[in-house]
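Values in this text are rule-based calculations from the coordinates and carry no lab data. In this text, all values refer to a predicted model and were calculated from it rather than measured experimentally. Virtual Cβ from ideal backbone geometry, glycine too; neighbours counted across all protein chains shown.
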Amino acid sequence: MEDMQEIIEDFLVEAGELVEQMDQDLVELENNPEDLELLNSIFRVAHTVKGSSSFLNFDVLTELTHHMEDVLNKARRDELKITPEIMDVVLKSVDMMKELLEAIKNDGNDTDCGVDIEDICKKLQIAANGEELPSSNSIENEEPNQEIVDSGNETNEDEFDIDTSAVEDEDYSNLSDDEVEAEIQRLLQEKQKEKEQKKRTKKSPIKKEENKKETPAKKSPNKASTPEQTIRVEVKRLDHLMNLIGELVLGKNRLLKIYDDVEERYDGEKFLEELNNVVSSVSMVTTDLQIAVMKTRMLPVSKVFNKFPRLVRDLSRELNKDIDLIMSGEETELDKSIVEEIGDPIVHMIRNSCDHGIEDAKTRVENGKDQKGRVYLKAYNEGNQIVIEIKDDGAGMDPEFLKNKAIEKGVITPNEAQSMSDKEAYGIIFKPGFSTAAKVTGVSGRGVGMDVVKTNIENLNGVIDIDSKLGEGTTFKLRIPLTLAIMQALLVSAQEEYFAIPLSSVLETVRISKNEIYTIGGKNVLKLRDEVLSLVRLSDLFDVEKVFDSSDHIYVVIIGLAENKLGLVVDGLVGQEEIVIKSMGEYLKGIEGIAGATIRGDGRVTLITDVAAMMKLASQVDAVISEEEQTKEVVKNSPSDYHILIVDDSRTDRAIMKRALKPLGITISEATNGVEALNIIKSGDTDFDAILVDIEMPRMDGYTLASEIRKYSKYKYLPLLAITSRTSKSDRLRGIEVGMTEYITKPYSEDYLMDIVSKNIKLPQGALS
């Protein structure tokens with residue numbers, strides 16, 4: 001039976017969609033009667049519905065679709081022309097099909113719904129036989145007349161029944177003729193009075209009915225002109241739409257990057273202004289479209305908040321406390337996926353406020369407070385995040401008590417407690433297994449509630465902030481991104497790799513000197529204002545190949561998660577960018593510290609960091625930043641110890657340069673394009689003293705090669721000598737911008753090239769071979 005019910009449900013869904021499509025197609029067919037393909041499609045729908053309904057024993061629907069199929073079959077064989085009269089009948093039969101499907105949905109059959117198909121089937125049969133159907137006007141004119149006749153007959157029958165009953169109430173067999181005549185006269189007079197009375201009583205109802213009929217007639221146009229304001233859409237469709245918007249955002253970022261490159265190369269050209277307008281317009285529309293699609297997935301947090309008044313009410317009774325919940329900002333909207341995830345964390349935090357925060361009535365009165373405790377639940381937007389604030393006017397948290405309790409339970413050591421600030425002490429409540437409850441109850445005491453809060457919020461890339469005043473109360477602030485699909489990120493570089501850090505976890509960025517870094521217990525720390533922060537290189541966390549940086553200043557990104565903070569040492573700050581989160585796939589999804597990947601504007605894949613996992617990894621890294629690695633200085637005893645790289649796609653030009661430099665006796669390597677040269681440099685097999693670079697090359701030009709080389713701190717001061725026939729001022733300026741040391745224009749003399757190379761590689765005087 002369950003299998004059959006499932007089949008019927010599938011049939012109703014399929015048939016409903018088919019009939020709706022048939023309705024639209026029939027209207028289109030009337031406008032294009034010669035469209036045989038459309039007619040065949042309509043016939044197939046009727047045939048499908050007939051076959052399915054026959055199998056499921058829906059006899060009424062089967063008979064109706066059978067007659068309709070006959071008409072459509074003759075029409076597609078060109079044996080019948082679809083006239084407006086025939087189309088009226090077919091469309092009417094489609095309406096009846098909808099009624100029958102609705103009846104099957106509600107009653108489980110099509111026989112008890114009262115839908116009479118006899119008349120419509122006769123008309124379909126007439127149409128299929130090629131006989132002339134009455135016009136729609138004549139049909140409409142016939143029906144009101146029939147109603148009038150019927151109503152007239154009913155009135156006469158009612159009157160006759162009344163007369164008969166009146167006569168049958170008396171026995172007239174023993175009356176004389178005069179008495180019978182008098183009785184008849186009396187009855188006629190009574191009947192006349194009854195008629196007059198009926199006329200008087202019926203006048204007002206008739207008028208009311210007329211008014212009722214007129215009123216809807218006036219209002220119906222308004223109703224017809226007001227469409228339904230909402231539709232139901234499957235969530236998977238919205239997810240697919242969101243994915244497409246993500247791809248569009250990637251395309252927008254790519255377009256902006258290309259425009260920046262074009263603007264740099266063709267500075268001053270007239271077409272740039274028009275291109276800028278187009279790019280700006282596309283960017284703006286893409287952003288608006290992204291916001292619009294995100295809003296379709298948004299739900300008000302009231303979906304979650306609405307269950308909390310009952311929760312607080314039950315807790316009040318269980319804890320024997322008088323607690324009032326005050327909510328605001330319920331209309332604040334969040335992505336559907338996040339709304340579904342924040343319920344449990346808020347439940348735990350409210351339970352925590354009611355149990356540990358709010359005092360009992362007696363204690364509150366003794367402390368000069370209202371005996372009724374209050375918990376405030378508030379939601380509001382702040383930038384690209386939503387903030388959910390849970391505040392109570394209870395006892396607040398005592399940092400010293402928390403430290404002692406944590407030491408007692410073995411959660412922290414006395415040394416750790418001594419170095420803790422008050423804010424860090426508040427964070428102890430998130431430690432697994434920690435609880436301040438004196439005994440285990442149904443509300444608290446197991447030490448799992450706040451740990452769950454921390455884990456769930458971290459999974460949402462959120463941050464928890466705690467503020468408490470002893471005797472006044474505690475405030476928790478949850479900062480959660482509006483959506484998990486598209487987010488703002490800070491792009492940073494670690495050696496040659498790039499990483500995206502969720503901006504919601506970035507507290508600030510600072511530039512410091514190495515003298516400001518201290519070492520405590522084998523770990524680097526930074527004193528930033530009144531806080532001491534642990535420092536770790538991002539390259540150390542992910543085992544990125546290190547290249548020594550001799551710079552005296554470094555960049556530090558301060559990230560925060562719950563009560564924890566960490567300083568990430570990076571090699572460069574690229575900037576803020578809107579990124580689309582992509583999964584890593586089955587083979588790479590288990591990499592610790594990586595939450596996903598994104599495609600940047602230049603087409604490169606950039607890894608997105610998992611802040612929570614990085615916090616854990618940082619505790620395992622013992623690298624000391626302040627101890628700089630010393631590079632081994634290679635002693636060069638002869639000119640052959642000096643090594644240069646010539647990069648040019650022209651074999652002739654490479655030969656000319658080699659012949660010009662041959663008298664120097666230096667070692668020379670060659671590369672035919674920028675990509676080949678970059679691979680040679682990155683391999684690290686050879687330490688070059690200088691690189692001669694042509695500008696116009698396939699695959700990667702000289703400007704791009706120079707900018708890529710300069711990304712390595714190891715090659716920050718490596719001489720890059722541009723050799724090109726491009727002599728314009730803008731070309732020279734661009735060469736300087738990308739890091740060229742010298743700009744040599746063709747043609748050049750061999751002596752000039754030797755002098756420039758000798759000077760840049762610092763070849764000792766008199767070392768010429």
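Along the Cα-to-Cβ line of Glu330, 7 Å from the Cα, sits a label point; which residues in segment 296-313 have backbone N less than 18 Å from it?
Those under the cut-off are 299-313.
Given the Cα-Cα distance of Met584 and Leu12 and 0.36 nm per residue of separation, how much length would full extension add, in nm?
Working it through step by step, the gained length comes to 201.9 nm.
At a 10 angstrom cut-off on C-beta neighbours, averaged per residue, how do the peptides 246-256, 275-285 rank from highest to lowest?
246-256, 275-285
Assuming a ≥ b ≥ c are the square roots of the Cα gyration tensor eigenvalues, decide whether segment 300-481 counts as rounded (a/c under 1.5), prolate (otherwise, with a/b larger than b/c) or oblate.
Cα axes put segment 300-481 in the oblate bin.
Work out how much length Glu531 to Asn320 would gain on full extension: take 0.36 nm times their residue separation and subtract the Cα-Cα distance, in nm to one decimal.
Extra length available between Glu531 and Asn320 comes to 71.8 nm.
Loop only by DSSP, 11 or fewer other Cβ within 10 Å of the Cβ. Give me the trypsin sites (Lys or Arg not before Pro) in segment 461-534 that pass, ordered by residue number.
Arg529
For segment 389-431, what class follows from the C-alpha gyration tensor (a ≥ b ≥ c being the square roots of its eigenvalues): rounded when a/c is under 1.5, otherwise prolate if a/b is larger than b/c, else oblate?
Taking the square roots of the gyration eigenvalues as a ≥ b ≥ c, segment 389-431 is prolate.
Could you go through segment 66-78 in sequence order and give the Karplus-derived ³J(HN,Hα) for each residue, using 6.51 cos²θ - 1.76 cosθ + 1.60 with θ = phi - 60°, rounded to whole Hz, and x for Gly and Pro?
Working through the residues one at a time gives 5, 5, 5, 4, 4, 5, 5, 5, 5, 5, 6, 8, 6 Hz.
Which order do peptides 235-244, 752-761 fall in by mean Cβ count within 10 Å, highest first?
In decreasing order of mean packing, 235-244, 752-761 become 752-761, 235-244.
Quickly work out the Glu79-to-Ser683 label distance, labels modelled 7 Å from Cα along the C-beta direction, and quote it in nm with one decimal.
8.1 nm
If you keep only loop residues by DSSP, which GluC sites (Glu not before Pro) in segment 688-743 have at most 15 other Cβ atoms within 10 Å of their Cβ?
Sites meeting the loop and neighbour criteria: Glu696.
Going through the cross-link list Lys565/Lys589; Lys307/Lys405; Lys252/Lys303; Lys423/Lys616; Lys303/Lys369, which pairs have a Cα-Cα distance over 28 Å in this structure?
Lys307/Lys405; Lys252/Lys303; Lys303/Lys369
Listed here are the pairs Lys391/Lys469; Lys636/Lys762; Lys362/Lys403; which of them are more than 18 Å apart at the Cα?
Lys362/Lys403
So which GluC sites (Glu not before Pro) in segment 66-119 pass both tests, a DSSP loop state and at most 15 other Cβ atoms within 10 Å of the Cβ?
Passing sites in segment 66-119 are Glu79.
If you take every DSSP beta bridge fully contained in segment 639-767, what fraction is antiparallel? Give it as a percent rounded to 5.
Just about 0 percent of them are antiparallel.
If you average the sequence gap of Cα pairs under 8 Å that are 6 or more apart and divide by the length of segment 718-765, what percent do you get for the contact order?
44 percent
Tell me whether segment 639-767 comes out rounded, prolate or oblate; compute the Cα gyration tensor, take square roots of the eigenvalues as a ≥ b ≥ c, and use a/c under 1.5 as the rounded threshold.
rounded
What spacing in nm lies between the two simple spin-label points modelled at Ser728 and Asp112, each 7 Å away from Cα in the Cβ direction?
Simple spin-label model gives 8.6 nm for this pair.
Could you pull out every residue, at least 5 positions away or on a different chain, whose amide H is within less than 5 Å of the one on Ile412? Hs are placed 1.01 Å off N in the peptide plane, and Pro or chain starts have none.
Ile407
Computed FRET efficiency, Cβ-Cβ of Asp422 and Val621, R0 30 Å: what is it to the nearest 0.05?
Plugging the Cβ-Cβ distance into 1/(1 + (r/R0)^6) gives 0.65.
Working out 0.36 nm times the residue gap between Leu275 and Leu255, then minus their Cα-Cα distance, what length gain in nm do you get to one decimal?
So the extension gain works out to 6.1 nm.
I need the phi-derived Karplus couplings for segment 386-397: 6.51 cos²θ - 1.76 cosθ + 1.60, θ = phi - 60°, integer Hz, Gly and Pro marked x.
My calculation for segment 386-397 gives 10, 10, 10, 10, 10, 10, 10, 9, x, 7, x, 10 Hz in order.
Over segment 599-746, what is the relative contact order in whole percent, taking alpha-carbon pairs under 8 Å and six or more residues apart?
The value is 18 percent.
If you plug each phi of segment 581-598 into the Karplus form 6.51 cos²θ - 1.76 cosθ + 1.60 with θ = phi - 60°, what whole-Hz ³J(HN,Hα) values come out, in order, with x for Gly and Pro?
The phi angles translate into 7, 10, 6, 8, x, 5, 7, 10, 6, x, 5, 5, x, 10, 8, x, 9, 9 Hz.
Set the Förster radius R0 to 51 Å, insert the Cβ-Cβ distance between Lys658 and Val574 as r into 1/(1 + (r/R0)^6), and round the FRET efficiency to 0.05.
0.85
Which whole-number percentage describes the relative contact order of segment 678-769, with Cα contacts under 8 Å and a sequence gap of 6 or more?
About 27 percent, as a whole number.
How much FRET efficiency would the formula 1/(1 + (r/R0)^6) give for Glu247 and Tyr748, where r is the Cβ-Cβ distance and R0 is 30 Å, rounded to 0.05?
It comes to 0.05.
Going highest first, how would you order 55-66, 653-664 by mean Cβ packing within 10 Å?
Ranked by mean Cβ neighbours within 10 Å, highest first: 55-66, 653-664.
How far apart, in nm, are the 7 Å Cα→Cβ label points at Ser54 and Glu99?
Modelled inter-label distance: 2.4 nm.
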